[in-house]
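Pasting a structure below so you can have a look.
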Amino acid sequence: MEPSNAAMPSSPSPSYDQLLPRSEAESQLSSLVYDLSQQVQAAMENMLKMTSEIDQNSAGIMEEIEKCKDSALERKRALEEEKECFQKAAYTVLDLLNNREIR
């Protein structure tokens, strides 16, 4: 008995015409993936530039904050010295007034 060909599905070999659309689709997909990767790379480069600019700007801002802190501390010291001078002068005046009243 010969084996029956009906039980075995026949798979015709694909012709060149059938392979061409697949090749075109793969080419289009490859082109799409390449374009997308180029866009992603450009976006990453732009983000890197922006990150660098942000770092530079934040460093400048931190410098300004430190300068303002130093300036505020100097102003605070000056005001405290001035306050002490006024307090001494006020105590001196009070002492003078008290000494006059006692005599």
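Distance in nm between label sites at Leu73 and Asn98, each 7 Å beyond Cα in the beta-carbon direction?
3.7 nm
What net charge is computed for the residues neighbouring Ala42, neighbours being all others with C-beta under 12 Å from the C-beta of Ala42, Lys and Arg scored +1, Asp and Glu -1? Show your work: numbers first, answer last.
Values: positive: Lys49; negative: Asp35, Glu45.
Here the count lands on -1.
Between Ser31 and Asn57, what length comes free when the chain is fully extended (0.36 nm per residue of separation minus the Cα-Cα distance, one decimal in nm)? Could you put the intermediate results ahead of the total?
On the way: separation 26, 0.36 × 26 = 9.36 nm, distance 3.88 nm.
Extra length available between Ser31 and Asn57 comes to 5.5 nm.
Could you give the length gained on full extension between Arg22 and Glu84, defined as 0.36 nm per residue of separation minus the Cα-Cα distance, in nm?
13.3 nm
Each reported figure results from applying straightforward, stated rules to the coordinates on display, with no laboratory input. All values reported here derive from a predicted model rather than from experimental measurement. Glycine also receives a Cβ, built like all others from the backbone with ideal geometry; neighbour counts cover every protein chain displayed.
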